[in-house]
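Engineer: Right, I'll just put the structure down here and ask away after.
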Amino acid sequence: MAAVAPLLRTRELSKRFDGVVAVDSVDFSLARNEIRAVIGPNGAGKTTLVSLICGRHTPSSGQITFEGQDITRLKPWTRATNGIVYTFQVTSIYKTLSCYENVALAVQKAIVRNPWSRLFGSESKISEGVWTALDEAGFSGMSDRIAGELSYGHQRMLEVAMTLSLHPKLLILDEPTQGLAQAEIDDLCTRVRRIAEKVTVLIIEHNMPVVLDLAETITVMDNGQIIAEGSPYEIENNPLVQEAYLGH
Ligand SMILES: Nc1ncnc2c1ncn2[C@@H]1O[C@H](COP(=O)(O)OP(=O)(O)OP(=O)(O)O)[C@@H](O)[C@H]1O
Ligand SMILES: [Mg+2]
């Protein structure tokens, strides 16, 4: 039987910043519909890896394919309309606008950047897309709430709702639980699990209970390289992983 093609694959992907090799010849692949966690000590290269995947950084060498297409040189907004979206901080929400308006603006921005994207359509079609994204992120009853008045946890989830309106196939979350209270973390995990029924999720996370709760497979980075990959049990018992954490 032929192997199922991965959704995303990187081959010998590297990124150098002056003297630092932040990502060092990384071969990484992601299957459709999985929740994958990427962990590793500070400075391991996790954010740089996902920045290369979403197009925020251009690689020094190597290749990235998404659904079998070479996307290595595509601009970030083209990748976003192809289905790769990335949330990393709250700064992109408009604090004086409502949740509905924030998501509607995200859709509008995507259309302006790429008028031929599959988001293009009548106003009612756009509004339908906004409501679907709000619902998927668990905001149906909060659409009129002003973003700046939401808890920090909800502000982060609102950003996820904004990215969901772009109909992603791959949602990348970089440390989504940072700065959240425990109740907000539990809520975020529930929402992410629900989103993952339809969307592949790649999550960078330092909070191990969250990683173990969400991910079936964990990838561990250290010094720009993948040093281990496996089930939570395999990773917890891997001596290389223990050494990487203890060494820092
Ligand atoms: N824009 C940049 N310019 C120069 N060096 C950078 C840049 N971005 C990252 N680096 C360096 O690349 C290495 C990897 O950084 P990266 O942010 O990818 O790590 P990380 O695993 O996400 O760490 P953390 O867990 O602290 O977020 C670090 O040595 C960092 O200082
Ligand atoms: Mg980081």
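What follows draws every value from the coordinates through simple rules; no lab data is involved. On a predicted model such as this, the values are computed, not experimentally measured, just so you know. Neighbour counts run over all protein chains shown; Cβ positions are idealised from the backbone, glycine included.
Engineer: Could you give the angle, 0 to 90 degrees to the nearest 10, between helix 99-113's Cα long axis and the longest principal axis of the Cα atoms of the chain?
Structural biologist: Rounded to the nearest ten degrees, it is 70.
Engineer: On to the next question. So which of 15/95; 75/169; 75/109; 15/169; 15/109 end up more than 26 Å apart, counting from Cα to Cα?
Structural biologist: Working: 15/95 34 Å; 75/169 17 Å; 75/109 15 Å; 15/169 24 Å; 15/109 29 Å.
Those over the limit are 15/95; 15/109.
Engineer: Another one. Charges only on Cβ, +1 for Lys and Arg, -1 for Asp and Glu: so what's the dipole of the stretch 164-222 about the Cα centre, in debye to the nearest 20? Provide the component values of the computation, followed by the final result.
Structural biologist: Details: 5 positive and 10 negative charges, 74 e Å.
Charge dipole of the stretch 164-222: 360 debye, to the nearest 20.
Engineer: Can you tell me the 0 to 90 degree angle between the C-alpha axis of helix 182-195 and the longest principal axis of the chain, rounded to 10?
Structural biologist: 80
Engineer: Describe numerically, in nm with one decimal, the distance between label points set 7 Å from Cα along Cα→Cβ at residue 194 and at residue 125.
Structural biologist: The modelled label-to-label distance comes out at 2.7 nm.
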